[in-house]
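For reference, the structure is listed below as structure tokens.
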Amino acid sequence: MSSTEARAKSIGFLAVGLAVVSFSISSAAIKWSESIGSVVAFWRMIGAVVGWWVIVLIARKRTGRPLPSRETWKLVLPPGLFFGLNIAIFFTAITRTSIAHAEFITTLTPLVLLPAGAAFFGERPNWGALKFGLISVVGIALVLAFGPTGGAATPGGDLLMVLVIGTWTGYMLTSKRARSRGVDVLDFMACMMPLGLITAGPIAASIAGAGLFTLSARGWFVVALLTLVTGMLAHGCIIYAQRHLPVATISIIQTGQPALSVFWGFVILGESVRSPQIVGMVLVVVGLSMFTWVSQRPTAATPTSGVTPADIAQPGSTR
């Protein structure tokens, strides 16, 4: 490995670390805003639309890059609709349950996506990885069962997080289809964000009513923060890292994101965590790391177009 390659790889690790920190702070920031979650989601998406289209127009002016085609818009429509649902439900749920519950419930997503990838893309995954997923399930049970009495967690909020898993699964399956048909990252993000407003907008309007346009100063600050830090910076870091690090490596690093989110919940919001929950969190991270690692081992006749855990970011990763 040349010195240039080694330097790029080191920067790649730093980029993933920065992305994980950026994504992890979003849950606490949403709750700290003391605003309606779906409204924060709506305006955060508006900000991301502006940001990504500025990049598109700059690229067009400098390089003559064409605007996204009609076919691109059609391919990105399904994932855009799923993404709008996902972010609106996630931002709502995070205000109705504890960060520990929210973040660790969503870690079950890879266990859903592994069989879904096999069903929809004909992939033959390494099913032996699922036994490590059971470790994560035990950890989730500890996190949910030993939440502090009278804490921020509610059954309704936890159920919404289950819906988040479902909408994220739909997003991942449909986005994989669009990407496999040649839609590049810039066109995908530029189309996906405005299309997501088709579903996120009505949810925010139905919950907030006239309050859709009356965020507090703290709420607008969080919208701006999430737009820049997660909507632009974190995604840019991940895209950079994908050129210099194995995707499996990136995925394993991201398994630490939920625990870091809980840390921010403690620092920023004062949300408490009990000792059995900490044990559960460790089990989740270990189990998910092993699940991701083992699932990368090739199996006979494994197609290259399926959804694998290495493709999966946490459901909050596009916050």
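Just so you know, all these numbers are worked out from the coordinates, no wet-lab data involved. All figures in this text were calculated on a predicted structure; none of them were measured in a lab. So basically every Cβ, Gly included, is an ideal-geometry build from the backbone, and we count neighbours across all protein chains shown.
Key figures for this structure:
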item	result
Residues listed by number, segment 97-111, amide nitrogen under 18 Å from LEU159 label point at 7 Å toward C-beta	97-98, 101-102, 105-106
Set of lysines near LYS61 by C-alpha distance (under 22 Å), chain-local residues within fewer than 8 positions excluded	none
Residue order, fewest to most surrounding Cβ atoms within 10 angstrom, among CYS237, CYS191	CYS237, CYS191
Value of D in µm² per second that Stokes-Einstein yields for segment 135-247, Kirkwood Rh from Cα pairs, at 20 °C (1.002 mPa s)	120 µm²/s
Estimated distance in nm for a label pair at SER180 and VAL112, the labels positioned 7 Å out from Cα along Cα-to-Cβ	2.0 nm
Fewest-first ranking of SER3, SER98, SER180, using other Cβ atoms within 10 Å as the exposure measure	SER3, SER180, SER98
Neighbour-count order for ARG70, ARG96, ARG218, fewest beta carbons within 10 angstrom listed first	ARG70, ARG218, ARG96
